[in-house]
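Working notes, beginning with the structure itself.
All of the numbers you see were taken from the coordinates with simple rules; none came from a lab. It should be emphasised that the depicted structure is a prediction, and the values quoted were computed from it without experimental measurement. Cβ placement follows ideal geometry from the backbone for every residue including glycine, while neighbour counts extend to all protein chains displayed.
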Amino acid sequence: MIPGEFTYHRPSSVAEAVAILVSHGDEARPLSGGHSLIPMMKLRMAAPEHLVDLAGIADLKGISDGGATISIGAMTTQNELIGSDLLTQKLPIIRETSLLIADPQIRYMGTLGGNVANGDPGNDMPGLMQCLNASYVLAGPDGEREVAAREFYEAAYFTALAPEELLTAVKIPVPAAGHGYAYEKLKRKVGDYATAAAAVILTMDGGTVSSCSIALTNVADTPLFASDASDIITGSTLDSATVDRAVAAAEAITEPASDGRGPAEYRTKMAGIMVRRALARAAERANG
Amino acid sequence: MNDMTPTREQREANLEGMGCKRKRVEDVRFTQGKGQYVDDIKLPGMVYGDFVRSPYAHAKVTKIDATEALKLPGVIAVLTAEDLKGVNLAWMPTLAGDVQMVLADGKVLYQNQEVAFVVAEDRYIADDAIQLVEVEYEELPVLVDPFQSMAPDAPVLRPDLEGKTEGAHGPRKHHNHIFNWAVGDKDETAKAFSDADVTIKEMISYHRTHPSPLETCQCVASMDKVKGELTVYGTFQAPHVIRTVASLLSTIPEHKIHVIAPDIGGGFGNKVGAYPGYICAIVASIVTGVPVKWVEDRMENLSTTSFARDYHMTTEIAAKNDGTVTGLKVHVLADHGGFDACADPSKWPAGFFNIVTGSYDFPAAHLEVDGVYTNKAPGGVAYRCSFRVTEAAYCIERAMDILAQKLEMDPADLRMKNFVKPEQFPYQSALGWEYDSGDYHTAMQKAMDTIGYRELRAEQKAKQEAFKRGETREIMGIGVSFFTEIVGAGPSKNCDILGVAMFDSAEIRVHPTGSVISRMGTKSQGQGHETTWAQIIATEIGIPAADIMVEEGNTDTAPYGLGTYGSRSTPVAGAAIALAARKIRNKAQMIAAHMLEVSEYDLEWDVDGFQVKGNPEARKSMKEIAWAAYHAPPPNMEPGLEAVSYYDPPNMTYPFGAYFCVMDIDVDTGVANTRRFYALDDCGTRINPMIIEGQVHGGLTEAFAIAMGQEIAYDEMGNVMGASFMDFFIPTAVETPHWETDYTVTPSPHHPIGAKGVGESPNVGGVPAFSNAVNDAFQFLGNTHIQMPHDAWRIWKAAKDLGAHG
Ligand SMILES: Cc1cc2nc3c(=O)[nH]c(=O)nc-3n(C[C@H](O)[C@H](O)[C@H](O)COP(=O)(O)OP(=O)(O)OC[C@H]3O[C@@H](n4cnc5c(N)ncnc54)[C@H](O)[C@@H]3O)c2cc1C
């Protein structure tokens, strides 16, 4: 439980950080809240020779209201997400999800950028960002690019992020006013990653679902956008036969690991239960 | 008397003696971060030791090459078994009569076994060096299932025992067999079964778990080569025994070894045994001549130093149609891992598991235990219970529920029917114990009335009907548990550790000004001895607890004792304290008589001093007497006021209790919510009700953890799964149920103050209450027995197998 030796860097701008990453390539790792990276270093599952602490870069902080899009700086902590009035009003599912991450101590340190860049299928924000159809702003030696959350994750700890790139912000399209939302997470205890979790955003028109987006957490080696399930629900009245079909479609795309949270079979079924419960709660909350 | 003279009540309250909810004095330093734990100890020139551990569960070690590690600046030494052989310490004796490798001697028997000990200037360098030690392994077939241990073709785990057909506890019948232990009357029991109206049989497993104290095992060893003296600071629940063992192993005379247990951050049995880390730190300090610190990390603690339980108990009960039990038959397959390092009194290879008849009047019983080796870590400690008592309580409490189900009787009524009756005490059990005192019926009735037992059963019935009609996906379970513990090891006639009788001791010194220092052979790890021991003394000699300092853990100053585990401190040391105090009071009486110029027989004790019978104005307080003891003792009397007592208990004590758990279970997720948990404990005389309540809360929380998910599991390759707090279930305040506590008081007739010990009761009684609640919930769907642990996925699986998912 003791990390290996490393050199500590504390740049004050994105350009400076990128320059350090470029000069050390694979040997360097950005450090945000440290609450995923440092445990891995203590277990020596990660042994970066250069740590690039992003805490000194003011540009990476803050939440900005762009009307149709809200942009959240990578270094915004999970606790700040919970405390944001703007998010509570426009994107309440972010607050709901953040409150289910770890515990208060970890949320004071852990950042949105670190959570989505990490690539751990256990993280809750990646699935949520897929549900919200967010995109990530990546800064590298050749400037900036944007990658959709739904395209970003390749395998556990493998993402579209290049070693010399930084994730600087997350851009989220604001869902329609009156939308229904729910993040359902089954976990063994406070501070645990999900056995299975589901994020749902939907809008209702009369008794009919006019749009629906469903994503799943920790039931494959990446977060999963459940596009078939989302399509099945869209246009329906959430009658039980349709919900059953959507749940089955969501379960079908899971490929969970068997671990202390339970065997794969259980976690697949729990993904289905989480989808079912999230749909019911989201529908209850939706106006229109 | 003038108005300023305190009343009798005021003088009594001023003592803060027995029965007072005195605040824990040790918490002043603990809550301010001022405790002094082993890792706080920093000695000049101190270096650090850390282990190279085996990634394999079973392998030959063909080569250890430390060349690269030794080249790393700051690395001082790398010890292997070959080095330890030079000082005859490559192997060490275990408390259970087996031997255990200190460092891998040619092979490893479990994952994370200690292979080499790296000594370096700091922890970082030590950890870097570990990665540089090259070890070559040749993998061997792995044995993880204890039911396969004695298969004819099972791999030989212990070539060192080759040809040994006699073990420490009798004949061995297979190369992986450790012992067979049989108690009770086999023929009588067989007859009870052939005559029975009803019998039940179930294989009840109590899975492997771990005590997991917050502070891991650690030590600092410091050899002074000039004086030839060894000082060891360590996380020791039994420091005096550790000193004796260290002396026997190292051949350093016992008076030149100073073992000091400073503040300890929880033990729960984990810190009873001797571990390779202690031995290696001592040897490294002898070799290097500087102090060596060894501190386990969490994974090392969970995966190597002392698991608990792992008992597989095939249980049969014979009964009459009216529910009267007539016979009990239990066979236990005990998984001991690679070495038998169980921490039991030496003559008891399965501890006091023969308390398995529980609170019931079984006329006949027979028990057999077979211990076997597997490729798992050694241990088998009493995790917050007296030796194997929690396994026994779980076994009988689960089995009584199964019998009730078969008889279609209410499980609480079945227990009531079979309880040992108050007039039967002292009660001789079929498996050899003499229960000291008990009033089970009263306790059970009080518990049932308080919780509203019959109403809960009616509610459960209604919920089951609603479930069957498809109106709810939630079911309800009511867990009943009535346990009898056996604690206070123990009488020298049947209890010793490596030959040392299991007495305990207290020394009390009253200073001239009437304040007190007292020392005991026990060692608190959080139990609050500094508070409660002072309360016993306060009541016995009338000096306020606030003026009494209690000190434990330093073998140079404290009298010899066997330490703290198995709820033995109050039954054994608590008695020694009372008796030492009474010696002081007796002497004080003679001094008071001299001062008052009366015969000592004319005096009577009154709260905090002696008064002349019939003339309470003529009195001497203990404070005055203490001064006189040093200033003007009676002629021909030795000055001073101090006493020592070594107490060899005449019997064990038998605390008991009635626990009820009400649980709601979501059958679709397997999530169980404990709605209510009621615990009635009878621990005899209650010294500090607040500390008792704290002990019960803590023990119940551990019981909840164990029953509902806490587990040390292995995969088929012998990889230990989830040895970190991510997976190993330690409940937080959020998961922990609300505890309702209650009590009755049935004093122990043979204990000087009637106290029985309470720290472990809640773990012993709690586990069956939780497990019975889960099992009870599913009974109406046809369930008889679901194995622990009851984490969500396993409950879900049980629901699925019973057809609850449609
Ligand atoms: C006990 C515990 C329980 C937890 N439970 C949960 C949970 O239930 N749900 C959950 O979602 N998370 C959980 N976490 C993880 C926590 O939320 C982390 O804080 C989060 O995953 C990572 O954020 P961080 O800021 O700490 O990132 P860090 O640990 O600093 O970094 C994580 C990874 O991302 C990289 N990185 C960080 N920032 C950037 C960036 N701007 N650009 C490029 N790469 C970057 C790092 O190099 C590293 O590889 C838990 C953590 C702990 C210790």
Exercise. Using helices alone, what [θ] at 222 nm do you get for chain B, with -39,500 (n - 2.57) per DSSP H run of 4 or more residues, divided over all residues and rounded to the nearest 500?
Worked result: -8500 deg cm²/dmol
Exercise. Restricting the count to DSSP beta bridges whose residues both fall in segment B:170-288, what percent are antiparallel, rounded to a multiple of 5?
Worked result: 60 percent
Exercise. Which cross-chain or sequence-distant (5 or more) residues have an amide H under 5 Å from the amide H of B:Phe483, H modelled 1.01 Å from N in plane?
Worked result: B:Gly657, B:Tyr659
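Of the listed pairs A:Lys189/B:Lys800; B:Lys329/B:Lys406; B:Lys23/B:Lys271; B:Lys623/B:Lys756; B:Lys329/B:Lys797, which have alpha-carbon separations greater than 19 Å here? Numbers along the way, then the final one.
Numbers: A:Lys189/B:Lys800 23 Å; B:Lys329/B:Lys406 17 Å; B:Lys23/B:Lys271 26 Å; B:Lys623/B:Lys756 31 Å; B:Lys329/B:Lys797 30 Å.
With Cα atoms farther than 19 Å apart: A:Lys189/B:Lys800; B:Lys23/B:Lys271; B:Lys623/B:Lys756; B:Lys329/B:Lys797.
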Seminar exercise, completed: In this structure, the FRET efficiency calculated for B:Asp195 and B:Asp322 from their beta-carbon separation, with R0 = 22 Å, to the nearest 0.05, is 0.95
Seminar exercise, completed: For A:Ser227 and B:Lys23, extending 7 Å from Cα along the Cα-Cβ vector and measuring point to point gives, in nm, a value of 6.4 nm
Exercise. Given a Förster radius of 22 Å and the C-beta distance between B:Arg457 and B:Lys406 as r, what FRET efficiency does 1/(1 + (r/R0)^6) yield to the nearest 0.05?
Worked result: 0.75
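What's the whole-number percent of alpha carbon pairs in chain A lying beyond 29 angstrom?
Numbers: 13267 of 41328 pairs.
Percent of Cα pairs beyond 29 Å in chain A: 32.
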Problem set entry | Percent of C-alpha pairs per 10 Å bin, segment A:7-53, short to long | 29, 55, 16, 0
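After finding the eigenvalues of the alpha carbon gyration tensor for segment B:420-481, what semi-axes result from the square roots of 5 times each, listed largest first in whole Å? List each step's numbers first, then the result.
Numbers: eigenvalues 286, 36, 10 Å².
Working from the Cα gyration tensor, I get semi-axes of 38, 13, 7 Å.
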Exercise. Cα centroids of segment B:636-709 and segment A:42-59: how far apart, whole angstrom?
Worked result: 46 Å
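Pull out the extension gain between A:Glu16 and A:Ala177, defined as 0.36 nm times the separation in residues minus the alpha carbon to alpha carbon distance; nm, one decimal. Let's see the in-between values first.
Working: separation 161, 0.36 × 161 = 57.96 nm, distance 3.98 nm.
Result for the pair: 54.0 nm of gain on full extension.
Assuming R0 = 30 Å, can you tell me the calculated FRET efficiency for the pair B:Met150 and B:Asn494, based on Cβ-Cβ distance, to the nearest 0.05?
Values: r = 29 Å, r/R0 = 0.96.
The calculated FRET efficiency here is 0.55.
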For this session: Express the C-alpha Rg of segment A:60-173 as a ratio against the empirical globular expectation 2.2 N^0.38 Å, rounded to two decimals.
Result: 0.98
Problem set entry | Column: log10 I(q)/I(0), Debye, Cα scatterers of segment B:710-806, q = 0.12, 0.25 Å⁻¹ | -0.63, -1.33
Exercise. Whole-Hz Karplus ³J(HN,Hα) for segment A:63-74, in order, using 6.51 cos²θ - 1.76 cosθ + 1.60 and θ = phi - 60°, x for Gly and Pro?
Worked result: 10, 10, 8, x, x, 6, 10, 10, 10, 10, x, 4
For this session: Could you please state, rounded to a whole Å, how far the C-alpha centre of segment B:13-66 is from the C-alpha centre of segment B:230-262?
Result: 16 Å
Problem set entry | Distance between segment B:402-448 and segment B:537-608 - C-alpha centres, whole angstrom | 37 Å
Problem set entry | Those lysines that a straight Cα-Cα span of less than 23 Å connects to A:Lys90, excepting residues fewer than 8 apart in one chain | A:Lys61, A:Lys171, A:Lys185
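I'd like the mean, over residues of A:259-267, of how many other protein chain beta carbons sit within 10 Å of each residue's own Cβ. Could the numbers behind the result be given before it?
Numbers: counts 4, 12, 5, 7, 4, 0, 4, 8, 1.
For this peptide, the per-residue mean of nearby foreign Cβ atoms is 5.
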Problem set entry | Reachable aspartates and glutamates from B:Lys620, criterion Cα separation under 14 angstrom, eight or more residues apart if same chain | B:Glu597, B:Glu600, B:Asp602, B:Glu604, B:Asp606, B:Asp608
Exercise. With each label point set 7 Å from Cα along the Cα-Cβ vector, what nm distance links A:Arg95 and A:Ala162?
Worked result: 4.0 nm
Problem set entry | Compactness of chain B - radius of gyration and Dmax, Cα, Å | 27.8, 90
Problem set entry | Projected area averaged over orientations for segment B:565-608, convex hull of C-alpha atoms, nm² | 3.6 nm²
For this session: Work out from phi, with θ = phi - 60° and the Karplus expression 6.51 cos²θ - 1.76 cosθ + 1.60, the ³J(HN,Hα) of each residue of segment B:212-219, listed in order in whole Hz, and give x for Gly and Pro.
Result: 6, x, 4, 8, 7, 6, 7, 7
For this session: Within 10 Å of each Cβ in peptide B:459-471, how many partner chain Cβ atoms are there on average? Round it to a whole number, please.
Result: 0
Problem set entry | Exercise: per-residue mean of other protein chain Cβ atoms within 10 Å, A:69-81 | 0
Problem set entry | Spin-label pair A:Thr69/B:Thr31, simplified geometry with 7 Å Cα→Cβ offset, distance in nm | 5.3 nm
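What ranking, highest mean first, results for peptides B:736-742, B:544-550 when packing means the other Cβ atoms within 10 Å averaged over each residue? Please list the in-between numbers first.
Details: B:736-742: 16.1, B:544-550: 20.9.
In decreasing order of mean packing, B:736-742, B:544-550 become B:544-550, B:736-742.
Highest mean first, what order results for B:691-703, B:180-192 on Cβ atoms within 10 Å?
Working: B:691-703: 22.7, B:180-192: 17.2.
Taking the mean over residues of other Cβ atoms within 10 Å, the ranking is B:691-703, B:180-192.
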Exercise. Which order, highest average first, do B:357-367, B:766-776 follow once you tally other Cβ atoms within 10 Å for each residue and take the mean per peptide?
Worked result: B:766-776, B:357-367
Seminar exercise, completed: Computed over the Cα atoms of the protein assembly as shown, the Rg and Dmax in Å are 32.2, 105
For this session: Sequence neighbours fewer than 8 away in the same chain don't count; with that in mind, list the aspartates and glutamates whose C-alpha is under 12 Å from B:Lys85.
Result: B:Asp105
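Looking at chain B, what % of its DSSP beta bridges pair antiparallel, to the nearest 5?
The antiparallel proportion sits near 80 percent.
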Problem set entry | Calculated [θ] (222 nm, deg cm²/dmol) that DSSP helices of n ≥ 4 give over chain A, each run adding -39,500 (n - 2.57) | -9500 deg cm²/dmol
Exercise. Three principal axis extents, largest first, for the C-alpha atoms of segment B:249-398, in Å?
Worked result: 72, 33, 28
Seminar exercise, completed: Bounding extents of segment A:180-286 in its principal axis frame from Cα atoms, largest first in Å, are 43, 26, 21
